[in-house]
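Enquirer: Structure in structure tokens, see below.
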Amino acid sequence: MLRFIIKRVFEAIPVLLIVATVSFFLMKMMPGGPFDTEKVTTPEIKKAIEAQYGLDKPVWQQYLDYMGHLVRGDLGPSYRYAGWTVNELIASTFPVSLELGCYALAFALAIGMVAGIIASLRKNTASDYVPMSLATLGICLPTFVTGPLLILFFGICLNWYNTSGWNLPSDRVLPSITLGLYYTAYISRLTRGGMLEILNQDFIRTARAKGATEWRIVWKHALRGGLLSVVSFLGPAVAGIITGSLVVESIFQIPGLSRFFIMAGFNRDYTMVMGTVLFFATLTIFANLVVDILQVWLNPKLRFE
Amino acid sequence: MSAEFPTVTQHTSEVEVGQSLWQDAWHRLRQNKMAVAGAIFVLLLALASFLAPLIAPHSYEQTNLAIGATPPSLAHWFGTDVLGRDLFSRTLYGGRISLSVGLVATAVSVIIGVLYGSISGYVGGRLDVVMMRIVDILYSLPFVIFVILLMVIFGRNIYLLFGAIGAVEWLDMARIVRGQVMSLKKQEYVEAAVALGLRKRRIILRHMIPNVLGIVIIYSTLIVPSVMLLEAFLSFLGFGVQPPMSSWGTLINDGAKSMESYPWLLIFPSLFFALTLFSLNFLGDGLRYALDVRTSKD
Amino acid sequence: MPLLEVTNLRTSFHTRHGIVRAVNDVSFALEKGDTLGIVGESGSGKSVTCYSLMRLIPQPPGKIEGGSAMFDGIDLLKASPQQLNKIRGKRISMIFQDPMTSLNPYLRISDQLIEPLLIHEKISRAAALARGIAALEDVGVPDAARRIRSYPHEFSGGMRQRVMIAMALITKPELLIADEPTTALDVTVQAQILDLVKKMQQELGMAVIWITHDLGVVAGFCRRVQVMYAGRIVERAATDELFARTAHPYTRALQKSIPALQPKGAALYTIPGMPPDLSRPIEGCPFVPRCEFAQEQCTQPVALKDIAPGHATACLRVQKGEIAL
């Protein structure tokens, strides 16, 4: 197990290095500097600013500086918000995104798995068709369609919720549902499929022959194998939730990291953009590692590889 | 065989793409009403978008500040937006953009995926292991973030958009093609070709790829909606196509911004977009089911 | 009073291609402690019969169309799920053909093995575990106390089957149904498993139904045999009787097919033709297309009838005394 973790970490490092390097050089290929749109300054002041940010050194030197900082976890200063470092900006906005993501994922897992299990047990009945049709819908509908529609309906027409913001506890509801909807749908289909496949296996028949009740069969025998596909989906799901939060935070005006990332994109705050990219990449790699460990734990056959 | 439960098995080998498989699949596809409905809708939409210059009642960029935003009426079937532009025409043209980005980016995706998967599957061995591990790692990363990075740096160039979006979606195709190639590799006629001394590159191009074509077509239909989604996603955030060319994503974004006052600006583009996605998804699902009996879990 | 009395069992499968009559009017009885072998080819209905008794047929597409199976005053075919679950695993146990797939790969052997105890008896987990270890030792698994914590894929095929037997017998059932338990195993292992079941049967005094396509296995273990074909019983007798005074052409053909009994160097005998399509109704005797003794009269419906005490046959011509096999 430990070897597995170490191997994965070793794999992750070059990936991150490549991402950082590619991003850095892309940035450098840009015509014009980050301060070109600033108010007109004299050449001397411009030179001073560039010196302060290290932009007057040769490129390879800048690269080494950047990598050096990176290795120590320092993502550099923000080009836009003087006096703030990227680390600080991330630290102040990420907790909000984290909260949103966790709620969305929790919602997706809870509703999705329950719906999928019930659908698999009551195959080809209404309890199967209705949730699964809804699931097909949920997979097709993108967040930027469902979000505004939910706001329109629940926020404006029914006036149950605020249409934006992250202040009241109730503000969490619509964004979390919007973000989690796709994953709820996907997870419910995965669960149903996984459970059906397991329930068809011979060892379920053996369990029945032993006199086990349906409840016992589902809980003790089927779930472990049936949920495997859900667990392996969690990796891409985390990446997807990060992606989805870009839209959700924009629509609902949530002060999270993703929204900040977009604004940084428009503001051409390059260190912020790169820093966020690296941060998200690291986050997903870490999340995938956790998911892989979880998979090995659930499936004893994998332990002997 | 364990218990002798009578099973209805139809032996459909993925390789035997002969008459019977396609005919049988076509028949089963026709029976799937949702898939047929989806196909019809997509065809009609494609036709309408393509003929947009002919059938759109108004120009998509002609502003009319005098009337501003108006709800649906006989003159303007979908209403007008804040600048007085006819929403129906804009929706039609938007469909043009969305569909064409969809097709081109899918093509990019397919080409990358097929090449990558074929090479990985055919050469096999350590190269295959490494290539697939790369796919695994890439699969887990939030690609869109990188695409946005590219957009930020290089500006909103439509060709870059095609390439970037295509570069996100090729992973699944690569995996599937690799699987197919690996099973084909073991088939006898490939051994014959090898015995005849054909070089690896020739074998891949002339023999494998045509056989892989069937499964590539099917999965392409699933990539198209993903790609369209991605384009709309980017446009919605403001990183996609430049105005006045507006894809559905831009229209939805505009609509969302003013939905409290002018809800029709949100509803119509969203509806069209959603319907197109549904249709493509049902069609894709239907195709997949029709051609591969073994994936059916019912 | 027989332990188990099956009367007019009919089970079919409603598939897209028609209704397959897998078990067509089967009746038999089993006494306490008796050993019955059910022999037939694939598709003969031998397994489906017993799965129907235990209600392990997936419904849909399967359906028990009619009949009764009386076990200690309860009709197994009509019992409620609660009643059924009290019998399954406790009074009637079953072992299956493929030990590879019949054990849950995600659970340890210990969890699965003691499960019948936890379900049916008020017993602590520790006590159940102790009995589990004892059961494993009984069936000849070495180092039982340690190996009980393994997973199924860490065992060989023969060992897994022993685990299945231990699991089935841990509650000391009155009836054990064994569905081709040795078919998937090596020949040497087959003999070991057969001996094991024999031993357990004698120790526990339980009844055993042994399903197989192999007449040789039956000869070594079962006191009585019934031969099935196309969902019906075609002959039933005490084992010795069946071999000595065979009363059905199909049984005779099966005997001829035993490789060990054939002359060296000659081509192996196989029964010509194929088993019938059970989705089509069959007029008269189902074996007619492949029978060397078939005549016009055989296409009439014929019932299983005794030709000697305890020896029944469904061959019209044998019943009439026209042929002797």
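The numbers here are math on the coordinates, done by the rules we state, and not lab data. Quick caveat: nothing in here was measured; it's all calculated off a predicted structure. Glycine gets a Cβ as well: all are built from the backbone with ideal geometry, and neighbour counts include every protein chain shown.
Enquirer: Nearest 500 deg cm²/dmol is fine: what mean residue ellipticity at 222 nm does chain C get from its DSSP H runs of n ≥ 4 alone, each adding -39,500 (n - 2.57), divided by its residue count?
Expert: For chain C, the value works out to -8500 deg cm²/dmol.
Enquirer: 222 nm [θ] for chain A, helices only, -39500 (n - 2.57) per DSSP H run of 4+, per residue, to 500?
Expert: -23500 deg cm²/dmol
Enquirer: Where does each of A:225-235, C:291-301 land if you order them by average Cβ count within 10 Å, highest first?
Expert: Those peptides, ordered most packed to least, come out A:225-235, C:291-301.
Enquirer: A further question follows. With θ taken as phi - 60° and the coefficients 6.51, -1.76 and 1.60, list the Karplus ³J(HN,Hα) couplings across the range C:80-89 in order, rounded to whole Hz; mark glycine and proline as x.
Expert: Result, rounded to whole Hz: 6, x, 5, 4, 4, 5, 6, 8, 5, x.
Enquirer: Looking at chain A, what % of the alpha carbon pairs are farther apart than 30 Å?
Expert: When every Cα pair of chain A is considered, 48 percent fall beyond 30 Å.
Enquirer: How much net charge surrounds B:Glu169 when only other residues with a Cβ under 13 Å from its Cβ are counted (Lys, Arg +1; Asp, Glu -1)?
Expert: Here the charged neighbours net out to -1.
Enquirer: Going 7 Å from the Cα of C:Leu204 in the Cα-to-Cβ direction, what parts of the range C:219-241 have a backbone nitrogen less than 18 Å from that spot?
Expert: Label zone hits: C:221-223.
Enquirer: Taking R0 as 35 Å, what FRET efficiency do you get between A:Leu137 and B:Asp136 from their Cβ-Cβ distance, rounded to the nearest 0.05?
Expert: Step by step, r from the Cβ atoms, then E = 0.70.
Enquirer: Is there a simple number for the mean count of other chain Cβ atoms within 10 Å of the Cβ of residues in C:97-104, and what is it?
Expert: 5
Enquirer: Pairing the Cα long axis of helix A:126-140 with the longest principal axis of chain A, what angle in degrees results, from 0 to 90 and rounded to the nearest 10?
Expert: Value to nearest ten degrees: 20.
Enquirer: What would the Debye equation give as log₁₀ I(q)/I(0) for the protein assembly as shown at q = 0.07 Å⁻¹, counting only Cα atoms as equal point scatterers?
Expert: Values, matching the q order: -0.75.
Enquirer: Take the residue pairs A:Lys123/C:Lys78; C:Lys90/C:Lys122; A:Lys28/A:Lys57 and return only those whose Cα atoms are more than 18 Å apart.
Expert: In this structure, A:Lys123/C:Lys78 exceed 18 Å between Cα atoms.
Enquirer: Ok, one more. Return the average number of partner chain Cβ atoms within 10 angstrom of each residue Cβ along peptide B:232-239.
Expert: 5
Enquirer: If you wrap a convex hull around the alpha carbons of the range A:257-304, what volume per residue comes out, as a whole number of Å³?
Expert: 64
Enquirer: Can you give the FRET efficiency to the nearest 0.05 for B:Leu47 and C:Ile74, using r as the Cβ-Cβ distance and R₀ = 51 Å?
Expert: The calculated FRET efficiency here is 0.15.
Enquirer: Taking Cα atoms, how many degrees apart are the long axis of helix A:257-267 and the longest axis of chain A, rounded to 10 and kept between 0 and 90?
Expert: The angle comes out at about 40 degrees.
Enquirer: What nm distance separates the two modelled labels at C:Glu296 and C:Glu154, each placed 7 Å from Cα along Cα→Cβ?
Expert: Simple spin-label model gives 7.0 nm for this pair.
Enquirer: Sort C:132-140, C:68-76, C:50-58 by the packing proxy (mean of other Cβ within 10 Å over each peptide's residues), most packed first.
Expert: My ranking of the peptides, most packed first, is C:50-58, C:132-140, C:68-76.
Enquirer: What is the angle, in °, between the Cα long axis of helix A:228-251 and the longest principal axis of the Cα atoms in chain A? Nearest 10 is fine, range 0 to 90.
Expert: On a 0 to 90 degree scale, this one is about 50.
Enquirer: On a C-alpha basis, how far is the centre of the range C:255-291 from the centre of the range C:220-244 in Å? Whole number, if you could?
Expert: Each part's Cα centre sits 16 Å from the other's.
Enquirer: If R0 is 25 Å, what FRET efficiency do you get for B:Ile67 and B:Lys257 from their C-beta distance, rounded to 0.05?
Expert: Efficiency for this residue pair is about 0.85.
Enquirer: Let me check the size of the range A:185-305 from its C-alpha atoms; what are the radius of gyration and Dmax in Å?
Expert: According to the Cα coordinates of the range A:185-305, Rg and Dmax are 20.3, 67 Å.
Enquirer: When you count, for each residue, the other Cβ atoms within 10 Å and take the mean per peptide, how do B:72-85, C:261-274, B:109-122, A:124-137 rank with the highest first?
Expert: B:109-122, B:72-85, A:124-137, C:261-274
Enquirer: Under a Cβ-Cβ cut-off of 14 Å, what is the net charge of the residues other than B:Pro263 that fall near it, where Lys and Arg count +1 and Asp and Glu count -1?
Expert: -2
Enquirer: Filter the DSSP H helices in chain C by two things, a Kyte-Doolittle mean of at least 0.5 and an axial alpha-carbon span of 15 angstrom or more, and list the hits by number.
Expert: Span-like helices, by this rule, are C:157-169.
Enquirer: I need to check one value: relative contact order of chain A, counting alpha carbon pairs closer than 8 Å and at least 6 residues apart, in percent.
Expert: Across chain A, relative contact order equals 24 percent.
Enquirer: For B:267-277, what's the mean count of beta carbons from other chains sitting within 10 Å of each residue's beta carbon?
Expert: Taking all residues of B:267-277 together, the mean is 3.
Enquirer: Also, quick follow-up: For B:Ile55 and B:Leu160 in one chain, what is 0.36 nm times their gap in residues minus the Cα-Cα distance, to one decimal in nm?
Expert: 34.8 nm
Enquirer: What's the local net charge at C:Gln319, with K and R +1, D and E -1, over the other residues with C-beta under 14 Å away?
Expert: +2
Enquirer: Would you please calculate the Kirkwood hydrodynamic radius of the range C:246-325 over all C-alpha pairs and express it in Å, rounded to one decimal?
Expert: Final number for the Kirkwood radius of the range C:246-325 is 14.0 Å.
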